[in-house]
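Read the structure below first, then the notes.
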Amino acid sequence: MKPSISICNIVKNEEKQISDFLAHLVAFADEIIIVDTGSSDRTIEIVDEYRQKYKNIKFLKYDSEGVFHYGKAKNFSMKQATKDYIIILDTDERLSENFKSKIFDFLQKEKLEVAKAKRVDECLKHLIDYPDKIIKRSSGIFYETDEKGMVHEGLNYTNKRFVFDEIIWHQQRENHYIYRPQRILFQLELQIERTTKTKSLFGHFLRGVWYAQFRFKNLYFKRKLYKDGKIGFKYAFMRALDAFLIELFVGLKPKGDYKCWNTKD
């Protein structure tokens, strides 16, 4: 019997992408779960229009307390799933036709709990990674809920991960770092918030320099972005700058015993 699939997706202000995202999945997935995390554009309206046409779309709202936590938001979406397997997708990701046609045989054959999928950047053909994307719903596997998951969420799973080598396209378009360099500021606050100050400003500055050069070398040389020319260099530079800025601003945090002026004094 063919396994059933739930697509889980969290969104915020995705009016430019959400329509195409849903259109390319409605005939493929048994269930599409969209969780809104605070949109102020037409995202909600567009999802509602699709939900009226297609019965396999579920739409929910998620309200977070305190600093937004990506892992907790994704766990909320996964807990709404009812099918055999969950595929976690961002709104700027698209399944290739080979992915759609071969995934069911893969799931029947491997009997997996977690599988990675091959994600290829549409602008940088050498930027390839293998994030965890496929999860067996009944396995009870979710994302970590510690402070690291605020930005870089990871599963609470340490066993073998299978690899599904068909492509998920990372289709960021005008939101890509190489076209919208100011995007490095988008998650900077969250990353600074979760990073503990352990050194002096100068110590964090030096750490930032080291992280920046390490990330640049990893992207530009090890992952061969130099083959993508100027845009490969620009992307590696932007990601290195992001690593440096995190440490710089963490170093600028006040000491733990810092006290604000009290009106009662």
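Could you please find all residues in region 206-240 being open to solvent by 80 Å² or more (accessible area, probe 1.4 Å), over 24 Å from the mean Cα position of the chain (by Cα) and closer than 27 Å to Lys253 by Cβ?
Leu206, Trp210
Being touching an Asp or Glu at 6+ places or on another chain (Cβ under 8 Å) and open to solvent by 70 Å² or more (accessible area, probe 1.4 Å) is the filter here; which residues of region 106-137 pass it?
Correct list: Lys125, Lys136, Arg137.
Only one residue in Gly208, Gly154 is in contact with an Asp or Glu (Cβ under 9 Å, 6 or more places away or on another chain), under 20 Å from Glu93 (Cβ atoms) and small (Gly, Ala, Ser). Which one?
From the options Gly208, Gly154, the qualifying one is Gly154.
Can you find, within region 168-205, the residue that is nearest to Glu97 (Cα to Cα) among those that are open to solvent by less than 40 Å² (accessible area, probe 1.4 Å) and either without any contact (Cβ under 8 Å) to a residue 24 or more places away in the chain or of a type in the set (A, V, I, L, M, F, W, C) (or both)?
Ile168
Would you confirm whether or not region 31-52 contains a residue that is within 25 Å of Phe162 (Cα to Cα), open to solvent by less than 50 Å² (accessible area, probe 1.4 Å) and among the charged types (D, E, K, R)?
The answer is yes, given that some residue of region 31-52 is within 25 Å of Phe162 (Cα to Cα), open to solvent by less than 50 Å² (accessible area, probe 1.4 Å) and among the charged types (D, E, K, R).
For region 241-258, how many residues meet the condition of being open to solvent by 90 Å² or more (accessible area, probe 1.4 Å) and under 22 Å from the mean Cα position of the chain (by Cα)?
Number satisfying all stated conditions: 0.
So in region 1-16, with the set limited to residues that are open to solvent by less than 30 Å² (accessible area, probe 1.4 Å) and farther than 16 Å from Arg51 by Cα, which one is farthest from the chain's Cα centre (by Cα)?
Pro3
With Phe21, Phe28 as the choices, which residue is in a helix (DSSP H, G or I), open to solvent by less than 70 Å² (accessible area, probe 1.4 Å) and in contact (Cβ under 8 Å) with a residue 40 or more places away in the chain?
Details: Phe28 fails: in a helix (DSSP H, G or I).
Exactly one of Phe21, Phe28 is in a helix (DSSP H, G or I), open to solvent by less than 70 Å² (accessible area, probe 1.4 Å) and in contact (Cβ under 8 Å) with a residue 40 or more places away in the chain, namely Phe21.
Just the residues that are at pLDDT 90 or above and either in a loop (DSSP other than H, G, I, E, B) or under 17 Å from the mean Cα position of the chain (by Cα) (or both), please, taken from region 189-201.
Lys197, Thr198, Lys199, Ser200, listed by residue number.
Checking the structure you have, find out if any residue of region 69-78 is part of a loop (DSSP other than H, G, I, E, B), touching a residue at least 60 places away in the same chain (Cβ under 8 Å), over 15 Å from the mean Cα position of the chain (by Cα) and surrounded by 15 or more Cβ atoms within 10 Å (Cβ to Cβ).
Looking for residues that are part of a loop (DSSP other than H, G, I, E, B), touching a residue at least 60 places away in the same chain (Cβ under 8 Å), over 15 Å from the mean Cα position of the chain (by Cα) and surrounded by 15 or more Cβ atoms within 10 Å (Cβ to Cβ), one finds none in region 69-78, hence no.
Can you pull out every residue in region 94-114 that is assigned to a strand (DSSP E or B) and under 30 Å from Tyr226 (Cβ atoms)?
Of everything in region 94-114, those that are assigned to a strand (DSSP E or B) and under 30 Å from Tyr226 (Cβ atoms) turn out to be Arg94, Leu95.
Out of Phe142, Phe106, Phe99, which single residue is in contact (Cβ under 8 Å) with a residue 24 or more places away in the chain and farther than 24 Å from Ile34 by Cα?
Every option except Phe106 fails the conditions.
The values are calculated or read from the model by the stated rules, or taken from the named source; none is laboratory data. Bear in mind the structure is a predicted one, so any value in this text is a computation, not a measurement. Note that we place each Cβ from the backbone using ideal geometry, even for glycine, and neighbour counts take in every protein chain shown. SASA here: full protein model, heavy atoms, side chains in, ligands and nucleic acids out. Shrake-Rupley method; radii C 1.70, N 1.55, O 1.52, S 1.80 Å.
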